[in-house]
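Input: a single structure, listed below in structure tokens.
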Amino acid sequence: MRYLKTGDLLEVKQSKTKRYRQVKINRTAYESIQSLLAWKDLNDDEPLFMGQRGLLKVSTVSRMVKTWCEQVELNGHYGSHTLRKT
């Protein structure tokens with residue numbers, strides 16, 4: 001991740017289908033990733049996002065999204081799938 005630039009393609013392995021999907025890195029994603037890398041000082045082989053007990057799971061992220069929405073009093077039904085296209 002450290003060496004990606006805006007416009008580069010990142011290959012992501014989908015957990016459900018085990019197929020690879022290419023994702024184009026836009027400016028916002030690039031800046032966010034660089035900021036995270038500067039803050040966390042990760043090695044190249046470490047995952048960007050980790051939970052307290054290891055890799056984040058869909059259920060954990062869904063619970064986090066629901067909590068965030070409740071905290072800002074956002075009405076509706078939200079979960080990890082809400083982040084799919086963001």
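The values are calculated or read from the model by the stated rules, or taken from the named source; none is laboratory data. A quick note: this is a predicted structure, and the numbers were derived from the prediction, not measured. When we count neighbours, we look across all protein chains shown, and the Cβ atoms used for this are built from the backbone with ideal geometry, even at glycine. SASA here: full protein model, heavy atoms, side chains in, ligands and nucleic acids out. Shrake-Rupley method; radii C 1.70, N 1.55, O 1.52, S 1.80 Å.
Okay, residues lined up against (1) in contact (Cβ under 8 Å) with a residue 40 or more places away in the chain; (2) exposed (fewer than 10 other Cβ atoms within 10 Å of the Cβ):
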{"residue": "GLY7", "(1), (2)": "no, no"}
{"residue": "LYS13", "(1), (2)": "no, yes"}
{"residue": "LYS18", "(1), (2)": "no, yes"}
{"residue": "ASN26", "(1), (2)": "no, no"}
{"residue": "ILE33", "(1), (2)": "no, no"}
{"residue": "ASP44", "(1), (2)": "yes, yes"}
{"residue": "MET64", "(1), (2)": "no, no"}
{"residue": "GLU73", "(1), (2)": "no, yes"}
{"residue": "TYR78", "(1), (2)": "no, no"}
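Would you check if ALA38 is part of a helix (DSSP H, G or I), open to solvent by 70 Å² or more (accessible area, probe 1.4 Å), without any contact (Cβ under 8 Å) to a residue 24 or more places away in the chain and out of contact with any strand residue (DSSP E or B) (no Cβ under 6 Å at 6 or more places or on another chain)?
Details: part of a helix (DSSP H, G or I): yes; open to solvent by 70 Å² or more (accessible area, probe 1.4 Å): yes; without any contact (Cβ under 8 Å) to a residue 24 or more places away in the chain: yes; out of contact with any strand residue (DSSP E or B) (no Cβ under 6 Å at 6 or more places or on another chain): yes.
Spelling it out, ALA38 is indeed part of a helix (DSSP H, G or I), open to solvent by 70 Å² or more (accessible area, probe 1.4 Å), without any contact (Cβ under 8 Å) to a residue 24 or more places away in the chain and out of contact with any strand residue (DSSP E or B) (no Cβ under 6 Å at 6 or more places or on another chain).
Picking from LEU36, LEU10, which residue would you name as being within 15 Å of the chain's Cα centre (by Cα), under 18 Å from ARG84 (Cα atoms) and of a type outside the set (S, T, N, Q)?
Details: LEU36 fails: under 18 Å from ARG84 (Cα atoms).
Every option except LEU10 fails the conditions.
Inside the range 54-70, can you point out the residues that are modelled with pLDDT of 85 or more and more than 12 Å from the chain's Cα centre (by Cα)? So that I can check it myself, show each step before the final result.
To start, the set of residues in the range 54-70 that are modelled with pLDDT of 85 or more comprises 59-70.
Scanning the range 54-70 gives SER59, THR60, SER62, ARG63, MET64, VAL65, LYS66, THR67, TRP68, CYS69, GLU70.
For the range 54-84, name all the residues that are touching a Phe, Trp or Tyr at 6+ places or on another chain (Cβ under 9 Å) and more than 17 Å from LYS16 (Cβ to Cβ).
Passing the criteria: VAL65, LYS66, TRP68, CYS69, LEU74, TYR78.
When residues of the range 48-62 are filtered for being surrounded by 11 or more Cβ atoms within 10 Å (Cβ to Cβ) and of a type outside the set (S, T, N, Q), how many remain? Spell out the reasoning first.
Narrowing the range 48-62 to residues surrounded by 11 or more Cβ atoms within 10 Å (Cβ to Cβ): 48, 50-51, 56-58, 60-62.
Of the ones still in play, those that are also of a type outside the set (S, T, N, Q) are 48, 50-51, 56-58, 61.
Qualifying residue count, the range 48-62: 7.
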